[in-house]
């Protein structure tokens, strides 16, 4: 699995996706072991969802399968308590991952206990229980709406990015996936994609023919593969930036679920040779195994090793040398400037540079994306080359394009070279150009 594209990225970057995958792996282990029965292991699903809300599409698959099994086997009425406990465990996991949700969780659990106690004590009807549940939902909402608002606004309502482009669509993602992400020549990438999708479709048909859905491990393994497909399909449909590392968690689920399914099918073929689509299933399974082995050995592993090698030598690269030289110049300048002004200075700083830590001489205030607060009066503004006229323009179909225009207009209006006359207020003098192309701008004050 370490050969899959972008595994090197997650090995060398502090990102939440590896934790998300670890928690999903724990959940999937017990999901398969219990044949999708509701149980305490849903706490791992809650933890994974709290770590990354992108887990949601995969959870929809697991939840749907669990309910479908119980409905088809007519066991839904017999496992209400198990389902209730699973829901509780999910929310406990979510609250552990996102501590600000602990208060809503306490209210939910309290409501469950009150409802259970009152139902037994007063023999409440279904209608009365539903009315109480509706009332308690309003209580939870009004008692914790500020907390929920913070969480929702920072997750579900915070999915756009300055690198988004409205021209990116599902076809852009498919083209990128086949031509770039898989690293292989396009025909081989198409072959791998087609065989995996065909294999999953064959097994969906096979599972649907099992009477009463008497669950075998194949069904839960299939759910893992489908969860990965749905996870990546959601990215294809909703994400407006071609960032390949987004596809890594879904691809891991697809590969693990598919390989697990192949292993189970091959193991059982001698015992159940009359199963539907058995021959086609076996041939396709062997084909996928060979293609994956070929691709991982010839393309993925060498590319991953090359990228890890490059990363291990990054401190020897020209980019690092320029960044570090710029960092040293910035620290030297800020120390001297603070000493000359005899005060602690306020510094607006682009985090794409190597940022120094705030201390008694200067306070570092970072900004992200284009700089638009030209009306403010910090002592110093330190910007990356991309925030100057020398930087690459932002695409017109990006949500950050308007801010880019504001940044360029503000730079042209408020920044001058040494010796020039200020024509705007505030006015910043281009005091220093950094080795990496960044600039140090100093607030100009009247004598």
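Quick note: the coordinates plus some simple rules give every number you see, no bench work behind them. Because the structure is predicted, anything quoted here is derived from the model rather than measured. Neighbour counts are summed over all protein chains in view; Cβ atoms, including those assigned to glycine, are modelled from backbone coordinates with ideal geometry.
Structure remark: mean-square fluctuation, Gaussian network model of the chain, C-alpha springs under 10 Å; the largest value among 94, 105, 242 belongs to 105. Along its first, second and third principal axes, ordered by size, the stretch 320-444 spans 44, 36, 23 Å in Cα coordinates.
Within the listed set 260, 354, 177, the Gaussian network model of the chain (springs between alpha-carbon atoms below 10 Å) gives the highest mean-square fluctuation for 354. Against the chain, whose longest principal axis is taken from its Cα atoms, helix 217-238 shows a tilt of about 30°. For the stretch 217-342, the alpha carbon convex hull comes to 182 Å³ per residue, rounded to a whole number.
Measuring r between the beta carbons of residue 183 and residue 320 and using R0 = 22 Å, the FRET efficiency lands at 0.30. Extension gain for the segment residue 119 to residue 445, taken as residue separation times 0.36 nm less the Cα-Cα distance, is 110.0 nm to one decimal.
Sort out for me the Cα centre separation of the stretch 1-53 from the stretch 173-204, rounded to whole Å. Taking the Cα centre of each part, the stretch 1-53 and the stretch 173-204 sit 23 Å apart. Against the chain, whose longest principal axis comes from its Cα atoms, helix 102-122 is set at around 30 degrees. I want to check the label-to-label distance for residue 208 and residue 238. Put each point 7 Å from Cα in the C-beta direction and report it in nm to one decimal. Distance between label points: 2.6 nm.
Here the chain carries DSSP beta bridges of which approximately 50% are antiparallel, counting only pairs with both residues inside.
Model label sites at residue 363 and residue 417, defined 7 Å from Cα along the beta-carbon direction, differ in position by 3.4 nm.
Using R₀ = 35 Å, calculate the FRET efficiency as 1/(1 + (r/R₀)^6) where r is the Cβ-Cβ separation of residue 110 and residue 157; round to 0.05.
For residue 110 and residue 157, the calculated efficiency is 0.80.
Summary of the geometry: the stretch 296-322 and the stretch 369-429, compared by the centres of their Cα atoms, lie 34 Å apart. The fraction of all Cα pairs in the stretch 26-106 landing in successive 10 Å bins from 0 to the largest distance is 19, 51, 26, 4, given as whole percents.
Could you tell me the calculated FRET efficiency between residue 167 and residue 342, based on Cβ-Cβ distance and R0 = 51 angstrom, to the nearest 0.05? Walk me through the numbers on the way to the answer.
Numbers: r = 52 Å, r/R0 = 1.03.
Once rounded, the FRET efficiency stands at 0.45.
Beta bridges assigned by DSSP with both partners in the stretch 320-444 are antiparallel in approximately 50 percent of cases.
Taking the chain as a Gaussian network, where each spring joins two C-alpha atoms under 10 Å apart, which residue of 417, 164, 384 fluctuates the most? Ranking 417, 164, 384 by mean-square fluctuation puts 417 first. Using only Cα atoms, tell me the angle between helix 186-208 and the longest principal axis of the chain; keep it within 0 to 90° and round to the nearest 10. For helix 186-208, the angle is close to 40 degrees.
Evaluated at q = 0.11, 0.12 Å⁻¹, a Debye calculation over the C-alpha positions of the chain (equal weights, vacuum) places log10 I(q)/I(0) at -1.04, -1.14. Overall size of the stretch 1-140 from C-alpha positions, given as principal axis extents largest first: 60, 38, 19 Å.
Take every pair of alpha-carbon atoms less than 8 Å apart whose residues are at least six positions apart; their mean separation over the length of the stretch 320-444 yields a relative contact order of 24 percent. With a simple spin-label model that places each label point 7 Å from the Cα along the Cα-to-Cβ direction, the separation between residue 191 and residue 84 comes to 5.6 nm. Inverting the mean 1/r over all pairs of different Cα atoms, compute the Kirkwood radius of the stretch 370-447 and quote it in Å. Kirkwood hydrodynamic radius for the stretch 370-447: 12.9 Å.
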